[in-house]
Amino acid sequence: MRHLLVIAVLGGASACTDISPDAVAPTAPAPAEIDLSASRGPGFAPPIRPAVLDLTQTRPPAAPPPSATARTIDEFDTTSAEQRAAATAGPAASGERRLGSTIAALGSPTDPGIWVKTPLVEEVTQGRIEGPDGASVNVELRPSGGAPGSGSQVSLAAMRLLGVPLTSLPDITVYAF
């Protein structure tokens, strides 16, 4: 009796399906490959830069990424003389606010530009950092996503403009415009 019940259930279940032998099960598309190499694939793209609010203010174009064969500090720092001059031109005339102090470490040297990734901001904005000896650099402030007090990463170009050793962990003060 049990065998008849099992056969009846299986026979009924197969009778309810209407699958033709030519039907093909849909497949998910292959995932896109992400280039995580040091040659800066899309996974390493810097965030979109914010619009400049003051239309009279001009900003030099973004620094190009370093070449895949870069080996020296000068080869990794692709900022132009114009970009470095703008970064050290001094603080904004007004509207600057102090965000706090943070311990800074060298960020990825393959990410070009003059920037700081910090938990002190929640969106990309323009700002300034001051080093331990009072040197000041205008930077792009990028959110790090870290917890408050977790420290910040500073671009190679910004560290050089601050005049601190690349292997140091300076205490910097962060301001937003």
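Taken together, the values in this text are just the output of simple stated rules run on the coordinates, not laboratory data. These numbers were taken from a predicted model, which means no experiment stands behind them. Quick reminder, even Gly has a Cβ in these numbers, built from the backbone with ideal geometry, and neighbours come from all protein chains shown.
From a point 7 Å beyond the Cα of T167 in the direction of its Cβ, which residues of the stretch 90-123 have a backbone N at a distance under 18 Å?
From the stretch 90-123, the list is 104-109.
Just to be sure I understand: if I project the alpha-carbon convex hull of the stretch 77-176 onto a plane and average over all orientations, what area do I get in nm²?
On the way: hull surface 23.0 nm².
Averaged projected hull area, Cα only: 5.8 nm².
Once you keep just the Cα pairs under 8 angstrom separated by 6 or more residues, what percentage relative contact order results for the stretch 77-176?
This gives 40 percent for the stretch 77-176.
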